[in-house]
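Worksheet: the structure to be examined is printed underneath.
Since every read-out is calculated from the coordinates, none of them should be taken as a lab result. Keep in mind the model is a prediction, meaning the values are calculated, not measured. We place every Cβ from the backbone using ideal geometry, glycine too, and count neighbours over all the protein chains shown.
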């Protein structure tokens, strides 16, 4: 099996993320089908609104700007003020989303799920019941459409996986319907539980990551690992509303090929730790445990540890995606307080294991072939040889030499 390659979106939220920044970036990546904008203009509400999409510059960066503009008029002014003051309930937001006849049912349900998560986060922060939550800033029509735009853009791009690095959440304070709150807002942190965050104090005080942005990250994104490999194909920048001299207020998004290792010519992980106070029994148990839990190989090498003490170097070969699980197992089942790992490339022959009849008896044999599919070597599996030796009372050494010689003379140069 060759290395597998999948198309993914990679986010770089070093200047934060909001709903409109994400929508802008996704449109920049290609979510610009006519139905996308037509659908976003089809919500039935008392408020009149326009969808604007423009090219802008943010501190020298060319970026895409997606904005929902609420039309102010005298007739609806009092209604708009009331919405801003009281906020919308989850049921009221549901009615807005369900009013859109062009939006697919799948997209509607995804948008409603996002608001349910947001309501749960707000309820946890304010010690209230979810159904009694009122959304103020996030319940405004522009925020509702931002979230729906995020869902629709991913539907248009038809890319299933999004990866993101740590997100800059900003610092300072922000004025809300609940008064002045610290940045990030409490609901933002509630949504980002388990997601890597940081605050860049060298930048001006600002809410770089909004609750809507946090919602999108926590719902759609996987955390980028340090050993992930991406090949960038397309880049877009989604603009935020504020302008700063110190930094470009943008979200960078990329369509990439994500290379994940298969069995041939793959990247593998080498996990190591030194043990100078473990018994042979403990090391043997750990080695077996690692192999049972997905390690490709496990080697114990004699070494010299601290203060000249005899030690063992435990070297585990693993798939890249198994690093965390196997490293945790080593730390749990050994006296080690830390492990190190590195990513290496490998080249291996294609292998096939099957039962093979020989003049000495039937054994389980392994055949290895090169790039052209021709067998370059063959040998009997050791457990199968031992079983045959025990059952026939013949010499294990003689059987090994005879059977392997037979297998190679019969099959070498042929096809698997």
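Put the Cα centre of region 360-416 next to the Cα centre of region 287-322 and the gap is 29 Å. With respect to the chain, whose longest principal axis is taken over its alpha-carbon atoms, helix 141-157 is tilted by about 30°.
Convex hull volume of the Cα atoms of the chain, normalised per residue: 227 Å³. Sorting the segments 287-293, 267-273 by their residues' average number of neighbouring beta-carbon atoms within 10 angstrom, most packed first, yields 267-273, 287-293. In plain terms, the chain from residue 315 to residue 371 could stretch by 17.3 nm, reckoned as 0.36 nm per residue minus the Cα-Cα distance. Most tightly packed first, judged by the mean number of other beta-carbon atoms within 10 Å of their residues, the peptides 356-369, 8-21 read 8-21, 356-369.
To the nearest ten degrees, helix 19-29 and the longest principal axis of the Cα atoms of the chain are 60 degrees apart. Modelled this way, with points 7 Å down the Cα-to-C-beta line, the labels at residue 306 and residue 166 are 2.7 nm from one another. Taking 0.36 nm per residue of separation and subtracting the Cα-Cα distance, full extension of the segment from residue 408 to residue 234 would add 57.7 nm. With both labels modelled 7 Å from their Cα along Cα-to-Cβ, the residue 6 to residue 355 distance reads 3.7 nm. For helix 382-392, report the angle its Cα long axis makes with the longest principal axis of the Cα atoms of the chain; keep it between 0 and 90° and round to the nearest 10°. Relative to the chain, helix 382-392 is tipped by roughly 40 degrees.
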